[in-house]
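The values are calculated or read from the model by the stated rules, or taken from the named source; none is laboratory data. As the structure is a computational prediction, the values presented were derived from the model and not from experiment. Please note: Cβ atoms are built from the backbone with ideal geometry, for glycine as well, and neighbour counts cover all protein chains shown. These accessible areas exclude ligands, DNA and RNA; they are computed on the full protein's heavy atoms, side chains included. Shrake-Rupley method; radii C 1.70, N 1.55, O 1.52, S 1.80 Å.
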Amino acid sequence: MTSMEAIIFAIVSLIAVVGALGLVFAKNPYHSALWMVFSFVGLAGLLALLEAYFLTVLQLIVYAGAIVVMIAFVMMTIDFRKVGGLSKFVPQWLWGLIISFGILIDLFILASKMKIDVSQSGKNLAIAGSNTKALGMELFTHYLFPFELVAIILLVALIGVVVLTKREIK
Amino acid sequence: MLIYVLTGAIKLLVVFVLLLLYALFMLWFERKALGFIQIRIGPKLVSSGLEGLLQPIADMLKTLWKEDIVPHRADKLVFWLAPVIGAMFPFAAAMAMPFGPPLKIGGSYFYLSVVHVNVGILYILAALGLTSYGVLSAGIASGGNKYSLISAQREVAQMVSYEVVMALALLNPILMAQSLDLYDIVAMQAHHLWFVFYQPVAFVVFLICMFATAAIVPFDLPEAEQELVAGFNTEYSAMKMGMFPFGQFVTILVMSSLMVIFFLGGWTGPIWNGHPWILGFIWYWIKVFFFVFLFIWSWGTFPRYRYDQLMNICWKILLPISVLNILWTGFALIIHIPMI
Amino acid sequence: MIGIEETKRVRINMGPQHPATHGVGRFILTLNGEIIEDVKPICGYLHRGLEKLAENMTYQQFMPIVDRLDYVASMNNDLAYCLAIEKLLGMEVPERAEYIRILIAELGRIASHLIWLGTMALDIGAMTPYFYTFRDRETIYDMFEEICGARLMYNYVRMGGVSNDITPKFMEMLKHFLDTFPKLMKESDGLLTKNRIWMSRTKDVGVINYDDAISWGLSGPCLRGSGVNWDLRKNRPYGIYPSLDFDIPYLPEGDVYARYLVRLEEINQSVRILRQCVEKIPSGGDYMNPESPFVRPMKKPKEGIALKDFVLQIRGVKAPAGEVYFGAENPKGELGFYIVSDGAGKPYRMKIRTPSFVHVFALPVIVKGGLIADIVSVISSLDFVFGEVDR
Amino acid sequence: MKNDEIVGLLKGEFGEAVKASAELSGDLTVKVDLSKLHEILQFLRSCPSLEFDYLPFMTAIDYSVYPKPKTKEAEAKLKEVKTKEEKIKEDEEKLTEAKEEEAESLKEEIQKLKEEIVKAKEEAEKLKEEAKEEEREKQFDVVYQLRSIKHSHDIRIKAEVGEEDIVESATDIWSSTGCDECEIYDMFGIKFKNHPDLRRILMPEDWVGHPYRKDYPLKGKEGDDEYLDTRLPEGQLKKPEHTRMP
């Protein structure tokens, strides 16, 4: 890891962490969504550092470009004041705290036990110039069954949502 | 390493200035072309010798000096951020857009784009997809203006829907070229026919998506003046409002160049294919500007679609067609239908 | 939590400053998503109390104010008012004046329909036809300027004739216009009529059926767009219309597209009427009934005339006591004047029946269930002018 | 259908409620009783041989200052009688002081005047009876202009309405009366029953008075300035001069 990469890593990870913190602490739901996009851009940066460009761009297109937009879209159809007045989310803070602490400790243990060699990043994937092809090969040969399974589950969920929300317009 | 950073910075600066100049030029060109279509003259008083070419500069100065009004109920930060986002991401997309054929210096190539990544097209799509945050934020931050809110809703639905179809349409040339690199795709077409002849359906689908993504008539629903006053622009004034069209013009340029690269052979021409280099450059820009003009042409010709019709076109017509088209392309590639 | 049943209706205040309400109209829309559930028209922003004004003015003093009713078809307003007064007083109009009146009325109809076509195209998003129609409208206004000097508020038609004779130059311009206009009209026609987007925006949008159209009191092209074959020029003929050969277009669909086609065909029929008038118009003769009580005795200054003129100015022409209703077929629909006279020089009560006023209040029933974009096309297809709505 | 046939049909159906009918410059006008107005309108709409399906307009007329020439004449005659009676009194006063020659001529004059007074009184009473036709019980007329698109004939229905009366709305017969009734309510203050949305449409909602009534002031009224003073923000134009004539 060169010094240049270290600096970039610091910036990018800062973006991701600040974005995540902003997402949690912002009071306005739409601000939260924007912080989320910010955080996702940071995550995409991390992926880019690993030279996984395909995943980088996918992160931007799918998460930042589509999913958060859909969240914001839902936000427009509901009343902000009503959401602010909701008290039902508040009693669950204890569980949230416990689970996130557990995950944090877990991650620390993982990081200390497994020595991740960052200097080797991207090298094993970037075999034939573009790792897109390698990724595709892996998905459609080795992991074909789970891949198709996930696709079917998503399709079922999609149809379910359509059926549940469809109303006849009088 | 340093040289990469330095060339990158210089390229960034040059492209940024070029895009600004292009946007100013478009302001003039749009009005002149529309004027020509609508039997009127268009701007002519500023720099009368140059057919009012300096009008956009005067307009920009005027816009800078206008009072900047922020509504009392507006979400100040997001309200300020929205035009920046709306103008920034198209510029970001243009960073990966080739400004001409690659220059061969010695053994290596010098690429005329700021970044050259092997997933260039995906990068451009991602940046264009993030552009919708500009309109979305403008709509939400406008202090409860319902016109802005409806406009933002329309923009989001339109962008999300049409991006899917656009990506599906672009998948066909990608499958044929087996690369996500813009330069590879052009190189592929240099040896074969242009992809428009192999993929006429994808070409038409992309053409429609092009108008929808740039939100130009007949798909300019987010800022439908007659229905939503000015949509997301309603509460904006001065330079903040001026930044949205800047973003839109750059989007138009990026979409046109994508169109040319993916379906019309980029800098290859019917004759003198890329030799000498400058000819390829000229071919490329002629094609790009034809499509830029096409945007304005359609603006002067078509009425506007309705919101539900727009969605119907996307999900009920274009999506099935493009999925079937992809199936056909994959099938044809597997059984090796020979390329000419 | 937020249930599906609790979806809120959005209320939008459209106007009075809105590009698509054609003036200072204001509509309060109740939306469910983008679907319109209710429209409440609110008017009165341009209310000038014309009917009250008329009660305090002599008949000829009110004449210029009539121009301000439907300010894009002032000639037709003048004609309708003069015909109502002539019906009240039982006056005769010389033949040449009758032809001149038909000429300018039909030109006014074309001009009004042209401005409607341009604004409707603009409302649906097509910018270009607006400029094409304004070019043609400009030539018509040039002609009006040639005959009376004014371009918007003419006050040209007078009780008993017209204010001055038409010039040979006007006839030349008219003939040139009749030669070129149908060809120029094809430009906008070609841009819109068969355009798929245009058709999808206008077909099956804003439908009002035969019975509803009659019950809601629509008139003019809107009524004929619902399949009612009713035109006051044919059914309650006035002027020299009975001697002219023209058709009344009507279509049964009742949607925006039908109204659009009816108006386009009306333009063609007007051109047809104009051609006949140009052929038939007598070359000489009075343009004003010399025995009209409204004529000021100006030509031979002799004793007593100054007094007569003064009396005419102050007291007006004493109309016989009684009441009269006259409705004329204006570009926008039936413009009627209901005048109650008590035998003085001023009307005791004047009710102005304007087509736009009725159309505005028929809007909710036409547009209900449509989308936001539909209300724009329906408003432009109903073609109201707020000078007429608020009076 | 001919005009007299329509009137005959109406009179046959409603009898006394149809008060009068006349043809004014070619338009058939029928005056009906207010209590039967809605029924008559319904009959006009539904009767298959009449079928008045189209309503060009409806309006109201304020008849409070409509000139009554015969009443005026009668009043003038009575005034004449009064002046003559006064003159007789004067003459009689003179008579007590006058000389014989003058007295005779005065007596003759008194006799003459008395005869004239008797004559004038008779005439005045005659005129008064005639003028009763002009007298109206109620202030307003509601006017419905009807038209049949199918049979192509017109009719005008009028009914007298007082300020206190509530007219039954015709919106269930012709939808287009909705806006006209609103306008009448706005401009004349006549109220309508069963109207779906009766509101002021041309004047502001908080407007006082009904402008098309004949007693409505033409040039602003007292209190306009106070109204504006309370409505305008402070520091603005306190007494707008244009609202009232000096």
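For this structure, a couple of remarks:
- Selection status of B:Q158, in the same structural domain as B:T329 (by TED's automatic domain parsing), buried (at least 20 other Cβ atoms within 10 Å of the Cβ) and more than 30 Å from C:H22 (Cα to Cα): no
- Only listed residue being within 14 Å of another protein chain (Cβ to nearest Cβ) and free of Cβ contacts under 8 Å to residues at least 24 places away in the same chain, chosen from B:I296, B:I317, B:I282, B:I313: B:I317
- Flag not set for C:I65, criterion: crowded, with 21+ Cβ neighbours inside 10 Å, assigned to a helix (DSSP H, G or I) and out of contact with any His (no Cβ under 9 Å at 6 or more places or on another chain).
- From the list C:I115, C:I102, the one residue that fits, being open to solvent by less than 10 Å² (accessible area, probe 1.4 Å) and out of contact with any His (no Cβ under 6 Å at 6 or more places or on another chain), is C:I102.
- Only one of the numbered conditions (1) modelled with pLDDT of 80 or more; (2) in a loop (DSSP other than H, G, I, E, B); (3) within 14 Å of chain B (Cβ to nearest Cβ) is violated by C:T21, and that is (1).
Results for (1) surrounded by fewer than 17 Cβ atoms within 10 Å (Cβ to Cβ); (2) more than 27 Å from C:L79 (Cβ to Cβ), shown as yes or no for each residue.
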site	(1), (2)
C:M173	no, no
C:D179	yes, no
C:Y210	yes, yes
C:W216	no, no
C:N229	yes, no
C:P237	yes, no
C:L274	no, no
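- Scan of segment C:132-154 for residues that are in contact (Cβ under 8 Å) with a residue 60 or more places away in the chain and surrounded by fewer than 19 Cβ atoms within 10 Å (Cβ to Cβ), ordered by number: C:L152, C:M153
- Subset of segment D:1-34 that is surrounded by fewer than 13 Cβ atoms within 10 Å (Cβ to Cβ) and within 14 Å of chain C (Cβ to nearest Cβ) - its residue that is nearest to D:I157 (Cα to Cα): D:A20
- Among the residues listed as B:G42, B:G134, the single one being open to solvent by less than 10 Å² (accessible area, probe 1.4 Å), touching a helix residue (DSSP H, G or I) at 6+ places or on another chain (Cβ under 8 Å) and small (G, A, S): B:G134
- Residue in segment D:131-168 that is most open to solvent (accessible area, probe 1.4 Å), counting only those that are within 14 Å of chain C (Cβ to nearest Cβ) and of a type in the set (G, A, S): D:S152
- Restricting attention to segment A:8-30, the residues that are crowded, with 17+ Cβ neighbours inside 10 Å and free of Cβ contacts under 8 Å to residues at least 40 places away in the same chain add up to 6.
- Among the residues of segment C:334-357, those identified as hydrophobic (A, V, I, L, M, F, W, C) and either touching a strand residue (DSSP E or B) at 6+ places or on another chain (Cβ under 8 Å) or on the phi > 0 side of the Ramachandran plot (or both) are C:L335, C:F337, C:I339, C:V340, C:M350, C:I352.
Conditions tested, residue by residue: (1) part of a strand (DSSP E or B); (2) in contact with a helix residue (DSSP H, G or I) (Cβ under 7 Å, 6 or more places away or on another chain); (3) farther than 22 Å from B:Q226 by Cα.
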| position | (1), (2), (3) |
| --- | --- |
| C:F326 | yes, yes, yes |
| C:K332 | no, yes, no |
| C:I339 | yes, yes, yes |
| C:G343 | no, no, yes |
| C:V358 | no, yes, yes |
| C:S377 | no, yes, no |
| C:F384 | no, yes, no |
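- Any hit, segment C:356-376, residues being within 14 Å of chain D (Cβ to nearest Cβ), open to solvent by less than 10 Å² (accessible area, probe 1.4 Å) and touching an Asp or Glu at 6+ places or on another chain (Cβ under 7 Å): yes
- Against the criterion of being in contact with a Gly (Cβ under 8 Å, 6 or more places away or on another chain), over 30 Å from C:S341 (Cα atoms) and either buried (at least 20 other Cβ atoms within 10 Å of the Cβ) or free of Cβ contacts under 8 Å to residues at least 60 places away in the same chain (or both), C:T21 qualifies.
- Residue check, C:P242 free of Cβ contacts under 8 Å to residues at least 60 places away in the same chain, over 21 Å from C:V376 (Cβ atoms) and assigned to a helix (DSSP H, G or I): yes
- D:K214 meets all of the listed conditions (1) within 17 Å of D:V65 (Cβ to Cβ); (2) crowded, with 17+ Cβ neighbours inside 10 Å; (3) not aromatic (F, W, Y) but one, namely (2).
- Hits in segment D:14-50 - residues which are charged (D, E, K, R) and either touching a helix residue (DSSP H, G or I) at 6+ places or on another chain (Cβ under 7 Å) or outside the structural domain of D:E183 (by TED's automatic domain parsing) (or both): D:E23, D:D33, D:K36
- Flag for A:G96 being under 30 Å from B:A152 (Cα atoms), at pLDDT 80 or above and in a helix (DSSP H, G or I): no
- Hey, B:I37 farther than 28 Å from B:L112 by Cβ, within 14 Å of chain C (Cβ to nearest Cβ), open to solvent by 70 Å² or more (accessible area, probe 1.4 Å) and aliphatic (A, V, I, L, M) or not: no
- Count - residues of segment C:170-200 that are in contact with a Gly (Cβ under 9 Å, 6 or more places away or on another chain) and of a type outside the set (G, A, S): 1
- Pairs where the first residue, in segment D:1-18, is more than 23 Å from D:I149 (Cα to Cα) and the second is polar (S, T, N, Q) and surrounded by fewer than 17 Cβ atoms within 10 Å (Cβ to Cβ), C-beta under 8 Å, 6+ apart: D:A17/D:S35
- Helices (runs of 4 or more DSSP H) lying entirely in segment B:148-225 (those with 1 or more residues that are under 23 Å from B:L130 (Cβ atoms) and within 14 Å of chain A (Cβ to nearest Cβ)): B:182-191, B:200-214
- Here D:D172 fulfils each of the conditions (1) within 15 Å of D:L55 (Cα to Cα); (2) open to solvent by less than 20 Å² (accessible area, probe 1.4 Å); (3) acidic (D, E) apart from (2).
- Residue within segment C:138-152 that is in a strand (DSSP E or B) and at pLDDT 85 or above present: no
- Residue list for segment C:340-355, restricted to those being open to solvent by less than 10 Å² (accessible area, probe 1.4 Å), in contact with a Pro (Cβ under 8 Å, 6 or more places away or on another chain) and at the interface with another protein chain (Cβ under 9 Å from one of its Cβ atoms): C:V340, C:R353
- Among the residues listed as C:A105, C:A121, C:A84, the single one being within 14 Å of another protein chain (Cβ to nearest Cβ), part of a helix (DSSP H, G or I), of a type outside the set (F, W, Y) and within 30 Å of C:S341 (Cβ to Cβ): C:A84
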